Amino acid sequence: RKYTDAVLFANGRRVETTGYCTDVYFTAALDFIDRSRARGRPFFCYIPTNAPHGPFHDVPPQLLQAYKQMDLDPVLPKGLRGGRRDKERDKIARVYAMISNVDKNVGRLLAHLERRDIADETLVIFLTDNGANGARFNAGLRGSKGEVYEGGIRTPLLARWPGQLTPGTVARTPGAHIDLLPTLAEACGVRLPEGMRIDGRSLLG
């Protein structure tokens, strides 16, 4: 129903949370990492945020105000006039505020790994699921969410693994979500069960 002070479920238990949803998820992730390390165990932490996504009525207010003061006209669809133009500008400001909040939380995660002195042994991967669902900055690519043009299916995939991956390296070979399992398995030195057939292939090289 709402993204701030949301009612969520943890392992089937209803939990009334305090704060913006993305902040809540990352705080829980940092706690999970600390508990895993306290037990001397390696960890796999998957953080699928629901933002940036509609509904757009509930976003961090300070970030929203910052974007409302920016000139967003360059990314607005051409031909919009009056109230429709104002409504679309407001929506884009809200989407960008959500993205900035995700960015802030990824920063929290990376800083936490540094403080715990485990950054060098932790592979962090950031990716999204599809292209923008409307007017956004899209690097000039054709199409959007729901279309098979590059603007609908091309997304960022960023990896950070100090000492193992060279900063600034850009891979030109296309990859997909199905490649993550074999990539992570190879990175962790884990052999997949014999005879197991998977669709992806490792991107580690």
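Would you confirm whether or not segment 195-205 contains a residue that is without any contact (Cβ under 8 Å) to a residue 12 or more places away in the chain and open to solvent by less than 100 Å² (accessible area, probe 1.4 Å)? Scanning segment 195-205 turns up at least one residue that is without any contact (Cβ under 8 Å) to a residue 12 or more places away in the chain and open to solvent by less than 100 Å² (accessible area, probe 1.4 Å). Residues that are at pLDDT 95 or above, closer than 18 Å to residue 29 by Cβ and assigned to a loop (DSSP other than H, G, I, E, B) are absent from segment 90-105.
Scan segment 146-163 for residues that are open to solvent by 80 Å² or more (accessible area, probe 1.4 Å), closer than 15 Å to residue 127 by Cβ and hydroxyl-bearing (Ser, Thr, Tyr) and the total you get is 0. What are the residues in segment 87-126 that are open to solvent by less than 40 Å² (accessible area, probe 1.4 Å), hydrophobic (A, V, I, L, M, F, W, C) and under 11 Å from the mean Cα position of the chain (by Cα), if any? Those that are open to solvent by less than 40 Å² (accessible area, probe 1.4 Å), hydrophobic (A, V, I, L, M, F, W, C) and under 11 Å from the mean Cα position of the chain (by Cα): 98, 102, 106. Going through (1) modelled with pLDDT of 90 or more; (2) in a loop (DSSP other than H, G, I, E, B); (3) open to solvent by 60 Å² or more (accessible area, probe 1.4 Å) one by one, residue 140 falls short only on (1).
When residue 129 is tested against the conditions (1) over 16 Å from the mean Cα position of the chain (by Cα); (2) open to solvent by 80 Å² or more (accessible area, probe 1.4 Å); (3) closer than 25 Å to residue 50 by Cβ; (4) among the charged types (D, E, K, R), the lone failure is (1).
Residue by residue, here is whether (1) closer than 19 Å to residue 129 by Cα; (2) part of a loop (DSSP other than H, G, I, E, B) holds:
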position: 162; (1), (2): no, yes
position: 168; (1), (2): no, yes
position: 171; (1), (2): yes, yes
position: 179; (1), (2): yes, no
position: 182; (1), (2): yes, no
position: 189; (1), (2): no, yes
position: 195; (1), (2): no, yes
position: 200; (1), (2): yes, yes
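Taken residue by residue, segment 16-36 has at least one member that is open to solvent by 80 Å² or more (accessible area, probe 1.4 Å), at negative phi, touching a strand residue (DSSP E or B) at 6+ places or on another chain (Cβ under 8 Å) and not in a loop (DSSP other than H, G, I, E, B).
Residues that are touching a residue at least 24 places away in the same chain (Cβ under 8 Å) and either more than 12 Å from residue 101 (Cα to Cα) or in a helix (DSSP H, G or I) (or both) within segment 58-69 comprise 58, 63, 64, 66, 67, 68, listed in sequence order. Kindly list the number of the only condition in (1) closer than 29 Å to residue 171 by Cα; (2) among the hydroxyl-bearing types (Ser, Thr, Tyr); (3) touching a helix residue (DSSP H, G or I) at 6+ places or on another chain (Cβ under 6 Å) that fails for residue 67. Failed condition: (1). Taken over segment 164-194, residues that are open to solvent by less than 80 Å² (accessible area, probe 1.4 Å) and over 18 Å from the mean Cα position of the chain (by Cα) amount to 8. Close Cβ contacts (under 7 Å, 6 or more residues apart or on different chains) running from residues in segment 168-193 that are modelled with pLDDT under 90 to residues that are surrounded by 10 or more Cβ atoms within 10 Å (Cβ to Cβ) comprise 171/203. Residues in segment 70-89 that are of a type in the set (A, V, I, L, M) and assigned to a loop (DSSP other than H, G, I, E, B): 70, 72, 76, 80.
The values are calculated or read from the model by the stated rules, or taken from the named source; none is laboratory data. Everything numeric here is computed off the predicted structure, so don't read it as measured data. Please note: Cβ atoms are built from the backbone with ideal geometry, for glycine as well, and neighbour counts cover all protein chains shown. Side chains included, ligands, DNA and RNA excluded: accessible areas come from the protein's heavy atoms. Shrake-Rupley method; radii C 1.70, N 1.55, O 1.52, S 1.80 Å.
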